[in-house]
1. Checking the table LYS40/LYS187; LYS113/LYS166; LYS59/LYS147; LYS5/LYS40; LYS5/LYS187; LYS125/LYS147 against a 31 Å threshold on Cα-Cα, which pairs fail?
2. Tally Lys and Arg at +1 and Asp and Glu at -1 over the other residues with C-beta under 12 Å from the C-beta of SER38: what net charge comes out?
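Every read-out reported here was derived from the displayed coordinates using simple, explicitly stated rules and does not represent laboratory data. None of these values were measured; they are calculated from a predicted model. Cβ: placed from backbone, ideal geometry, glycine included. Neighbour counts: every protein chain shown.
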Amino acid sequence: QNLIKRDPPAYKEDYDTQFRRLTSLIDILLLSPNADPSPKLVELIQFIAAVSSSSFKGKESDEVARVLMGLLVGPGNVTGIGDAGNHISASALPLVNDSLPLPALQLHREIRKACVSALILMRNKGAIPPLILLQLFFQLMSVVPDKNLRESLYHHIVNDIRNINKASKAGKHSPKHGNNGGKRDEKLNRTILSFFHRIVSASANESVHNNNYNNDTSSNNSTSAASFTGEDSPTDFAAKRATQITCDLYRHQNNPK
């Protein structure tokens, strides 16, 4: 990685070879997505994510993000990668849906973890716009019954939003987290808040509908999405986390440091 960082053009062909290797290993993985993954694939996911976001940011890093996000939600559901993702509106972001059969549910948990870790790394290096990853991670929280993964996603979202709201030192522009000349990006904040409001509102409406349905029936389906033993269902978890983040954002806006 250090050699590539020093002279990216000299190692571009080697990078392209490793990226093609990654896509080949992913094609093999998709034949049996829940099988124990090859350690080489996990290592390669991290390597390609790190190199593309530091030495080949732009077209190459966008393609890596599409591949990794495609593994989690399906290639046809990946949109907004690149500069366009910074200008997307909250209404254009799909809401979480606990009935959506995400490909992530079929993946081995180590591959899910590797993809999420790689995407977080790319986001931290400014290679992925915040809103696209925000929507993706809430989608995963609402569907994947993996408590550790959901906690990791939540902590990343909180930290990312905090970083977006930090005024850059000495008023320097910081495109990595969306700071604008030492000022918070209020437009981005409003979009994030709007997205969270839509999640909370949709969850409240769903709860009312489910309560009415249960009152009108004599028995409950024990295999429903909400029937998790000892913990919230993924959808409830996502809605509660959205509520917490929304309140934190409002407190931050009303009491800026």
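1. Details: LYS40/LYS187 41 Å; LYS113/LYS166 28 Å; LYS59/LYS147 34 Å; LYS5/LYS40 22 Å; LYS5/LYS187 34 Å; LYS125/LYS147 26 Å.
Where the Cα-Cα span goes over 31 Å, the pairs concerned are LYS40/LYS187; LYS59/LYS147; LYS5/LYS187.
2. Numbers: positive: ARG21, LYS40; negative: ASP36, GLU43, GLU110.
Summing Lys and Arg as +1 and Asp and Glu as -1 gives -1.
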